[in-house]
Amino acid sequence: MEKKELRHHVMQKRNALSQEQRERFSRQACHELLQCDRLSQAKVVMAFHPFGEELDILPFLEEARERGVEIWLPLTVPSQRRLVPYRYDGPQMLKQGVYGIWEPNPDLAEEGDCSRLDAILVPGVAFDRRGGRMGYGGGYYDRFLAALQHRPFLVGICFSIQVVDQVPMESHDIRLDALVTEKGFYDS
């Protein structure tokens, strides 16, 4: 399947999940994230605010913050086609940004120093168990990850129905180290 066709197919399957399934699977996936040794040792984790029909990782973010983990969320800068991470101190510092995604308000948040990142939770449309990831087509995460001076632990997070046999990869695509779904944690 070509990327466009695969993206459409997986998003259709994800959108067909019932609200009850989405909530139950999100709780299970957050539990898996909290059990991951490498994530529990991380001091600084960049995550994302769930958008649309994505898996809801907000319970993980709150529990991680209570455990003393510094959480960062990305701000999308479309004019530069890049992501800028900011420290997340709770929903009061968010604004609805590009594409309707809740993002840090730069007037209320502190920009993150990427050299401190221990792990990144990466959203996407489709994933495979070899570290392949297909995003929404803007290339924001691939550019962000490629620009990092050191490689943090990269974890894809999705519903199990978003896992496919093989994601079409291009030379600039960054492979992930692990994948978490409601069914478990998988090293790539």
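The values are calculated or read from the model by the stated rules, or taken from the named source; none is laboratory data. Everything numeric in this text was worked out from a predicted model, so none of it was measured. Note that each Cβ is placed from the backbone with ideal geometry, even for glycine, and that neighbours are counted across all protein chains shown. Only protein heavy atoms, including side chains, enter the accessible area calculation; ligands, DNA and RNA are left aside. Shrake-Rupley method; radii C 1.70, N 1.55, O 1.52, S 1.80 Å.
Quick notes on this one:
- For the chain, the longest site-free run once GluC sites (Glu not before Pro) in DSSP loop states with at most 10 other Cβ atoms within 10 Å are removed: 3-169
- Residues MET11, MET93 ordered from highest to lowest accessible area at a 1.4 Å probe: MET11, MET93.
- Per-residue HN-Hα couplings for region 151-161 [Karplus 6.51, -1.76, 1.60; θ = phi - 60°; Hz; x = Gly/Pro]: 9, x, 5, 9, 10, x, 9, 6, 6, 4, 5
- Proximal charge balance of ARG151 [Cβ under 12 Å; K/R count +1, D/E count -1]: -1
- Amide H contacts of GLU53 (H built 1.01 Å from N, under 5 Å, at least 5 apart or other chain): none
- Rounded to whole Hz, the Karplus (6.51, -1.76, 1.60) HN-Hα couplings of region 35-46, x for glycine and proline: 8, 5, 4, 5, 6, 5, 8, 6, 9, 10, 10, 8
- For PHE153, the residues whose amide H sits under 5 Å from its own are ALA119, ILE120, ignoring neighbours fewer than 5 places away on the same chain, with H placed 1.01 Å from N.
- Averaging the Cα positions of each part gives two centres, and for region 135-181 and region 1-54 these lie 13 Å apart.
- Straight-distance candidates among the lysines for linking to LYS4, with alpha-carbon spacing under 16 Å and chain neighbours fewer than 8 residues away dropped: LYS13.
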